[in-house]
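Everything on this sheet refers to the single structure shown next.
The values are calculated or read from the model by the stated rules, or taken from the named source; none is laboratory data. Nothing here was measured: the structure is a model prediction, and the numbers come from that model. Virtual Cβ from ideal backbone geometry, glycine too; neighbours counted across all protein chains shown. Keep in mind that these areas ignore ligands, DNA and RNA; they rest on the heavy atoms of the full protein, side chains included. Shrake-Rupley method; radii C 1.70, N 1.55, O 1.52, S 1.80 Å.
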Amino acid sequence: MDDKILVTQSSMPPFEEYVEMIKPLWESHWLTNMGDYHKRLEDELRTYLKVPEISLTVNGHMALELALQSLNLPKGGEVITTPFTFISTTHAIIRNGLVPVFCDVKEDYTIDESKIEELITEHTVAIVPVHVYGNICNVEEIEQIAYKYDLKVIYDAAHAFGETYQGKGVGSFGDLSTFSFHATKVFHTIEGGCVCAKTREQYEKLYNLKNFGIRNEELIVSVGANAKMNEFQAAMGLCNLKYLQQNIEARKRVVERYCENFSGETKLRLNQYQKGVEPNYAYMPVLFETAELRDKVYTGLRQKNIFSRKYFYPITADAACFRNKYKKNDLEQARDYSNRILVLPLYASLRIEQVDMISKAVLEIQKEG
Ligand SMILES: *Cc1c(COP(=O)(O)O)cnc(C)c1O
């Protein structure tokens, strides 16, 4: 047995349940191309996520790329986005021939909506915010700005699966929202993702983009990629969905234990859960007082076989491939958080003794520092 504790551990449905689920595929030989499971998962997720339309994709990144592509934004257009995210968000913008304009973040790690307007130019076409760690962006304010300047809004909701804000599914905000169902996420289909849309027309557009524009054997209506979810992925999703509530409950207990263990510690800042948001307990970010302290804790934990992660370090604007390529806006806050943040291990099967052991280690290393 490996006694390493990683930042996350993929949730697995009972083995027999998955096997039962995939057995019919040996009879039907229908492995992909919008099979029964694909359809069932789209139906179940539409209900679970409280959104009008869902298009499943092969992964979360392609969901983002296709979402952006489906809006036909003019090439070279500027997209205001956050650098405090997984690199996928920024890559999706650039791979669509668009130009990222980075906006700083605020205390809850999401885009600082009060700084968006000053970045808008005649070339701005869209805003791509991210609900970081499941913290929901200021969707009201962003909607108003988008309306005022006639901009599209695409939310990267990869961290916010299943959350609601004031009773509404988070995937229902903006023109489109995307989720990732990667193995490391709260809900997964091994690899996978989806775009949440508002209208049937958007759904059809996404369908064409993920399936070569093929409508039937002889009719190809548009140019498209191949980004379909297959039946094995969809089956994994249907199995996992049954245990999701249970998993989130278990994650909640872990988070609450961490918070208890760290209560009264003035030198580290915990995530503040937002009013009106039903959280999914996807991540356990801790903000240290200094970058040195964060690095010391990261290294110290590794020596104890505990693998925390610096999500997100560096900020995407500072990625080696983008150096000096894009406008240098003031990203002081994002860079500062990025230097001081650490995401601690969190998953449904993490035991309370392990949480206590990790918390103790964090506090000890911090005190030595
Ligand atoms: C995971 C993730 C993605 C990409 O999803 P994949 O399914 O891994 O392609 C995009 N954005 C954010 C914020 C993510 O966390």
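Among the lysines of region 243-367, pairs at least eight places apart or on separate chains and with Cα atoms under 19 Å apart come to 11.
Suppose R0 equals 25 Å; then what is the FRET efficiency for ILE87 and ASP330 from their Cβ-Cβ distance, rounded to the nearest 0.05? For ILE87 and ASP330, the calculated efficiency is 0.75. Between region 61-138 and region 206-256, how far is it from one alpha carbon centroid to the other, in angstrom? If we compute the Cα centre of each part, the gap is 23 Å. Only aspartates and glutamates eight or more places from LYS242 in sequence, or on another chain, were considered; those with a Cα closer than 16 Å are GLU16, GLU17, GLU20, GLU42, ASP43, GLU44. For region 243-367, rounded, prolate or oblate, judged on the Cα gyration tensor with a ≥ b ≥ c (square roots of eigenvalues), a/c < 1.5 rounded, else prolate if a/b > b/c? The shape class here is prolate. DSSP beta bridges confined to the chain are antiparallel in about 60 percent of cases.
Go ahead and estimate [θ] at 222 nm for the chain from helices alone: -39,500 (n - 2.57) per DSSP H run with n ≥ 4, summed, over the residue count, rounded to 500. Only helices count here, giving -12000 deg cm²/dmol.
How large is the dipole of the chain about the Cα centre if only Lys and Arg carry +1 and Asp and Glu carry -1, each at its Cβ, rounded to the nearest 20 debye?
Values: 43 positive and 50 negative charges, 115 e Å.
So the dipole magnitude of the chain works out to roughly 560 debye.
Considering the chain, its Cα convex hull presents a mean projected area of 19.3 nm². If the segment from LYS198 to GLU143 were pulled out straight at 0.36 nm per residue, it would be longer than the present Cα-Cα gap by 18.3 nm.
If you take the Cα Rg of region 1-101 and divide it by 2.2 N^0.38 Å, with N the number of residues, what do you get?
For region 1-101, the normalised Cα radius of gyration is 1.47.
Among MET21, MET229, the order of accessible area from largest down is MET21, MET229, computed with a 1.4 Å probe on protein heavy atoms.
Considering the options ALA319, LEU219, ILE145, tell which one lies farthest towards the positive end of the dipole of the chain, charges being +1 on Lys and Arg and -1 on Asp and Glu at the Cβ, about the Cα centre. Of ALA319, LEU219, ILE145, it is ALA319. With contacts taken as Cα pairs under 8 Å and at least 6 residues apart, the chain reaches a relative contact order of 23 percent.
Taking a straight Cα-Cα cut-off under 13 Å and skipping sequence neighbours fewer than 8 places away in the same chain, the aspartates and glutamates within cross-link reach of LYS210 are GLU65. Two tests apply to each whole DSSP H helix in the chain, Cα reach of 20 Å or more along its axis and mean Kyte-Doolittle hydropathy of at least -1.0, and the ones passing both are 15-28, 231-262, 352-368.
Judged by the gyration tensor of its Cα atoms, with axes a ≥ b ≥ c, region 66-148 is oblate; a/c meets the 1.5 cut and b/c is at least as large as a/b.
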